[in-house]
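Below is one structure, written out as structure tokens; comments come after it.
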Amino acid sequence: MNTITRRAAVAFVAAALAAPAAVASTSGAASAAPYCGITWGSTAKATSPGLLWTGKVTGVRAGQHTCFDRLVFDVDPGRGTLGYSVRYVSAVTSPGSGMPVAVSGGAKIQITVNAPSTLGMSTRTFSGWRTFRQLKNIGSFEGYTDYGLGVRARLPMRAFVLADADGGRRLVVDVAHQW
């Protein structure tokens, strides 16, 4: 067995041993472990609205993973602290005007990156993806950039910032495939 396979097997067994055993409820049904161990929930994920970054949003990438779909917002080097707000909303709204923006999907997530952008408005449709349905770049207003993300349903999500070696930042938003 090579080293990588051995490490994977040890990690799998350790995770299986550490996972709580299913406990029968009063109705006799066993409780299920969280999907892929995900415990993120669907509440808003946000930093302080005053956290601003001077670098500009330069692009957005999307990827499919085993347990979730992922968006990565690339932001140029700058000063300050990159803040964000990622939350489920009944309607995605445009920055500045507050007008509703149509986004396809059973549930909608408004993503605000606390950094300006020179990217134009755009729409990307995700055909055949498990969770993502549509992403709209709504625009940048007063140093904040907004996106609307349509997803299949209200599912667990998380958001976090990574620092790049060149001083840039990446805002990562993951949405699980199921509960």
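The values are calculated or read from the model by the stated rules, or taken from the named source; none is laboratory data. These numbers were taken from a predicted model, which means no experiment stands behind them. FYI the Cβ positions are ideal-geometry reconstructions off the backbone, even for glycines, and counts take in every protein chain you see. All accessible areas refer to the heavy atoms of the entire protein, side chains included, with ligands and DNA or RNA removed. Shrake-Rupley method; radii C 1.70, N 1.55, O 1.52, S 1.80 Å.
In table form, for the structure just shown:
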quantity: Residues being in a loop (DSSP other than H, G, I, E, B) and at pLDDT below 95 - total across region 130-160; calculated: 2
quantity: Among (1) modelled with pLDDT of 95 or more; (2) surrounded by fewer than 16 Cβ atoms within 10 Å (Cβ to Cβ); (3) of a type in the set (S, T, N, Q), the one test that Thr3 misses; calculated: (1)
quantity: Residue count for region 122-152, restricted to those that are more than 19 Å from Ser85 (Cα to Cα) and either basic (Lys, Arg) or open to solvent by 30 Å² or more (accessible area, probe 1.4 Å) (or both); calculated: 10
quantity: Among residues of region 93-129, those that are under 27 Å from His65 (Cα atoms), free of Cβ contacts under 8 Å to residues at least 40 places away in the same chain and either part of a loop (DSSP other than H, G, I, E, B) or not small (Gly, Ala, Ser) (or both), counted; calculated: 8
